[in-house]
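Take a look at the structure set out below.
The values are calculated or read from the model by the stated rules, or taken from the named source; none is laboratory data. Since the structure is predicted, the reported quantities are computational estimates derived from the model, not experimental observations. Here Cβ is always computed from backbone atoms with ideal geometry, including for glycine, and neighbour counts include all displayed protein chains. SASA here: full protein model, heavy atoms, side chains in, ligands and nucleic acids out. Shrake-Rupley method; radii C 1.70, N 1.55, O 1.52, S 1.80 Å.
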Amino acid sequence: MASTLNRSLADLGALLHLVDPTLPIGGFNHSNGLETFVQQRIVESKATLEEYVQTQLLQNWIYNDGAYLSLAFEAMENQDFDRLCELDWLLSATKVARESREGSFKLGVRLLKIFIRYENHPLLAAYQQAITEKQVQGYFPIVFAMIAQAMGLTKPDTLYAFYYNAAVGAITNGVKLIPLSQMDGQDILFDLRQALQQAVELSLNPDPDWLGAATLACDIRAMQHEQLYTRLYMS
């Protein structure tokens with residue numbers, strides 16, 4: 001009983017560390033197009049911010065970052081390095097907005113730099129070498145999945161943590177940009193619990209035919225972001 005509890009607590013500690021907002025990877029600098037939505041007055045209230053995040057969860061992330069994370073987790077389980085590289089290339093092709101694409105692999109490279117010091121796994125070392133040799137970019141969802149699987153975490157827990165982290169980031173940015181009160185942000189996060197669970201369920205076994213499905217409005221705003229007159233965020 002004690003050993004089971006200790007393992008459960010160890011897994012929880014690893015998961016919390018992986019999504020810790022104080023990790024020095026720079027995630028708070030990226031809005032992935034949300035800043036454009038706010039400046040265009042499309043996202044301008046508590047209700048529209050909640051709608052935006054829920055739409056991202058269930059119409060974007062489950063087919064893109066979440067799906068690639070799910071597939072990378074499986075590849076890591078199967079010790080399939082070639083598949084991990086292939087997923088990196090595919091993800092690169094589906095991130096059409098330059099700032100979002102560059103932001104993702106910068107976050108991934110920084111995340112790997114932190115956790116490779118703690119997780120002695122040959123595929124993490126091989127992937128870091130591939131990044132150094134410019135064979136892969138090191139996208140955040142791929143790296144997140146690899147580290148989580150190396151830690152011994154489960155795929156559902158990993159997906160939930162990933163989506164939760166993404167939702168918190170979007171809500172935090174929206175609260176600052178609109179602006180809203182901190183309590184509004186907490187209300188939105190509470191209301192998204194069911195959507196977060198649904199996103200996990202929908203991306204446990206991604207449909208290859210839907211991999212990389214485009215959300216054009218988001219992609220366009222992410223591209224427009226670099227032309228905004230004033231910006232708080234890098235993407």
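A compact table of results
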quantity: Single residue of VAL43, VAL53 found to be within 27 Å of ILE178 (Cβ to Cβ) and not in a helix (DSSP H, G or I); calculated: VAL43
quantity: In segment 14-32, the residues that are open to solvent by 40 Å² or more (accessible area, probe 1.4 Å) and more than 20 Å from THR230 (Cα to Cα); calculated: LEU16, HIS17, ASP20, PRO21, THR22, PRO24
quantity: Positions within segment 171-200 being small (Gly, Ala, Ser), in a helix (DSSP H, G or I) and either closer than 26 Å to GLU74 by Cβ or open to solvent by 30 Å² or more (accessible area, probe 1.4 Å) (or both), in sequence order; calculated: ALA195, ALA199
quantity: Filter result for the condition that a residue is surrounded by 15 or more Cβ atoms within 10 Å (Cβ to Cβ), in contact (Cβ under 8 Å) with a residue 60 or more places away in the chain and either within 24 Å of THR94 (Cα to Cα) or not charged (D, E, K, R) (or both), over ALA148, ALA130; calculated: ALA148
quantity: Filtered residue count, segment 33-48, keeping only those that are surrounded by 15 or more Cβ atoms within 10 Å (Cβ to Cβ) and either more than 18 Å from the chain's Cα centre (by Cα) or on the phi > 0 side of the Ramachandran plot (or both); calculated: 9
quantity: Residue list for segment 132-148, restricted to those being touching a helix residue (DSSP H, G or I) at 6+ places or on another chain (Cβ under 7 Å) and more than 10 Å from LEU69 (Cβ to Cβ); calculated: GLN135, VAL136, GLN137, GLY138, ILE147
quantity: Enumeration of residues in segment 84-98 that are in a helix (DSSP H, G or I), of a type outside the set (S, T, N, Q) and open to solvent by 20 Å² or more (accessible area, probe 1.4 Å); calculated: GLU86, TRP89, LEU90, ALA93, ARG98
quantity: Long-range neighbours under 6 Å by Cβ, at least six apart or interchain, first residue farther than 19 Å from TRP210 by Cα within segment 78-101, second part of a loop (DSSP other than H, G, I, E, B) and open to solvent by 20 Å² or more (accessible area, probe 1.4 Å); calculated: SER100/ASN32; ARG101/LYS95
quantity: Tally of residues being open to solvent by 10 Å² or more (accessible area, probe 1.4 Å) and part of a helix (DSSP H, G or I) across segment 62-83; calculated: 7
